[in-house]
Amino acid sequence: MIEAWSAADVRAAEEPLLAAGVPLMERASFALATQVLRDLRARRRSVRGARVALLVGAGNNGGDALHAGAYLARRGVAVTAVLVAERAHAAGLAALRAAGGRVEALHEAPERLGGVAGDVARSDVVLDGLLGIGARGALRGLAADLVRVLDAGPRPWVVAVDLPSGIGVDDGTVPGPVLRADRTVTFGAAKPGLLLPPAAHLVGELTVVDIGLALRAEPAVRRLEPADVGRAWPVPGPGDHKYTRGVVGVVAGTSTYPGAAVLAASAAVRAGAGMVRYVGPPAVGQAVLAVRPEVVTAPGRVQAWALGSGVPVGFGTAQAGRDEGQHRRARTALAEAAGRPGSPVERTVPAVVDAGGLDLLEPTSPPWFVLTPHAGELAALLRRRGEDVEREAVEAEPVRWARRARELTGATVLLKGSVTVVAGMDGTYAQADAPAWLATAGSGDVLAGVLGAMLAARSADVVGRPALSAEVASATALMHGLAWRRAGQGGPVAALEIAGAVPAVVADLLPRG
Ligand SMILES: NC(=O)C1=CN([C@@H]2O[C@H](COP(=O)(O)OP(=O)(O)OC[C@H]3O[C@@H](n4cnc5c(N)ncnc54)[C@H](OP(=O)(O)O)[C@@H]3O)[C@@H](O)[C@H]2O)[C@@H](O)CC1
Ligand SMILES: Nc1ncnc2c1ncn2[C@@H]1O[C@H](COP(=O)(O)OP(=O)(O)O)[C@@H](O)[C@H]1O
Ligand SMILES: [K+]
């Protein structure tokens, strides 16, 4: 698992060490220089004579870049520091000069911007040390101008120092120009903005360097890795039978959108549900059975629901494909699963609420409900609860709006997108496990089905400790991405094939022995 701490928590952890004279910047810059040497060796035959440009801002982030530049200069690298602010880290500057590095004081001659940017672009590696955790708002002034010019030209290999300068350190926003990094070397711990969209797309490969910080607070954002999923995946034991493994109830699809039912039910079967009950129009049930004869269509108890995929509700405009029967079935399931008065207690179970199901929710829901909107659906859900927000605003600040939806609805919120953000009761997760090939019609229905199976397998645990829903949802997003990799082999894939790849991915992930 990768864990990320806020800028304030990182500073609080640094303070006692700095007070005790622990050389944090030396540790950080040495690790940075070592990584740059590795990158240089991978990219050219000899380190000696390689060209490295340092983009240096006014603070300690620039200091890291300057000290790393000094190490590199001593290894025979031709290092040029480009200063963009009146101030620059004095000790770092002295170290670089002493090691034979060159200094280009761009702030003293801003008219040289074009020429300097051209030189920077011809470097073997560029270190972005403009801003670190001291960033406030978008890059300003000459730093912003330089990044804009560099962005427009040919791209050298960029290593971001601590983080790509100008991203929202704690919220992953991209309020202005940012130089996209090929690698980010971050110190002490990852920062939330490195994991959260949209900034996460500017980070490149993430290297976390241990500089000895003791971070005591809870991490602000977590990202699960495959081994975490392997450890958490429900593995049946000798005493299990299909009911203990969990029955998933699927209320999905209509005669207009039968495919969603087929995809969600297939995915639940493939993810290892003990049994899948399809609840819906008989003709859709037949379509499901034609693909997955394991599914049953008889009514009965379930341990979790997957509701709403392919069940449009269509407020106002999109009325096509409405099916009042499906709305009624979904509403009944939602009420029972929430434990509304009058429902048998054993019917209080987790529920995945997808697509049209989001329009059928009561104003508030229990935290063992996992809502799975994409940005447009989240914006609509928020508008219905009084927020003035459009899809674009959700895309610009996904974590803010996912958390807001969690507050307003009470449910766990899994916001789909190129990075999936999960806002849960005791924390936030961000999963970036597949490229845009995964964005294919029906892929969200598969996610809903897999998540239904996961929640059914841990039904009582999730209702008893609803904070677990977020972790289960994140693990499912990761599994979804891995299944794409397996099914698509790096290229396009059909949604049903993603479901089909789940068993092999699970088998690979489970601990051996
Ligand atoms: N503490 C330690 O020992 C360790 C710290 N470490 C390193 O220090 C980094 C944090 O350093 P930091 O606190 O000096 O802040 P930093 O990010 O360099 O920027 C502050 C400067 O930027 C300016 N500025 C702000 N916003 C701006 C904007 N939008 N556009 C333009 N300028 C802007 C701001 O100017 P002001 O707004 O105050 O005028 C101020 O001068 C951290 O990320 C890590 O790399 C490691 O070495 C490990 C040990
Ligand atoms: N740019 C992207 N990169 C990677 N994954 C994406 C991207 N866009 C969407 N996805 C993923 O693709 C799936 C699409 O789900 P959804 O929008 O509900 O589609 P559908 O309703 O057609 O099934 C989600 O899991 C989402 O996280
Ligand atoms: K930086």
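Worth a mention:
- The C-alpha atoms of the chain define a longest principal axis, and helix 443-457 lies at about 70 degrees to it.
- Listed residue (ALA99, PRO219, PRO341) projecting farthest to the positive dipole end of the chain, Cβ model: ALA99
- Zone residues, the range 233-257, relative to ALA335, backbone N less than 18 Å from point 7 Å out along Cα-to-Cβ: 251
- Paramagnetic label zone (point 7 Å from Cα along Cα-to-C-beta, THR34; backbone N under 20 Å) in the range 155-183: 159-163, 183
- Highest mean first, the peptides 206-214, 419-427 sorted by other C-beta atoms within 10 Å per residue fall in the order 419-427, 206-214.
- Once the Cα-Cα distance is subtracted from the 0.36 nm per residue extended length, the GLU387 to GLN489 segment shows a gain of 32.6 nm.
- Neighbours of LEU130 by Cβ distance under 12 Å: Lys/Arg scored +1, Asp/Glu scored -1, total -3.
- The range 358-467 shape via C-alpha gyration tensor axes, a/c threshold 1.5: oblate
- The residues neighbouring ALA470, those whose beta-carbon lies less than 15 Å from its own, together hold a net charge of 0 under the Lys/Arg +1, Asp/Glu -1 convention.
- Whole-percent pair-distance distribution, where bins are 5 Å wide, for the alpha carbons of the range 2-223: 1, 8, 16, 21, 21, 17, 10, 5, 1, 0
- Antiparallel DSSP beta bridges within the chain, percent to nearest 5: 20 percent
- With the simple spin-label model, which puts each label point 7 Å out from Cα in the Cβ direction, the ARG322 to LEU289 separation comes to 3.0 nm.
- Backbone N within the range 238-255 under 15 Å of label point (7 Å from ALA298 Cα along the Cβ vector): 242-243
- Between SER165 and LEU130, LEU131, LEU179, the built amide H atoms are under 5 Å apart, and every one of these is 5 or more places off in sequence or on another chain.
- Using the Cβ-Cβ distance between GLU362 and SER255 with R0 = 30 Å, the FRET efficiency computed as 1/(1 + (r/R0)^6) comes to roughly 0.65.
- Added length on full extension, which subtracts the Cα-Cα distance from 0.36 nm per residue, TYR243 to GLU15: 76.7 nm
- The P(r) of the range 296-376 has a tail past 16 Å containing 50 percent of all C-alpha pairs.
- For the chain, the ratio of Cα radius of gyration to the globular rule of thumb 2.2 N^0.38 Å stands at 1.09.
- The range 133-185 - Rg (one decimal) and Dmax (whole number), Cα, Å: 10.6, 30
Every read-out reported here was derived from the displayed coordinates using simple, explicitly stated rules and does not represent laboratory data. Every value quoted in this text rests on a predicted model; they were computed, and no experiment measured them. We place every Cβ from the backbone using ideal geometry, glycine too, and count neighbours over all the protein chains shown.
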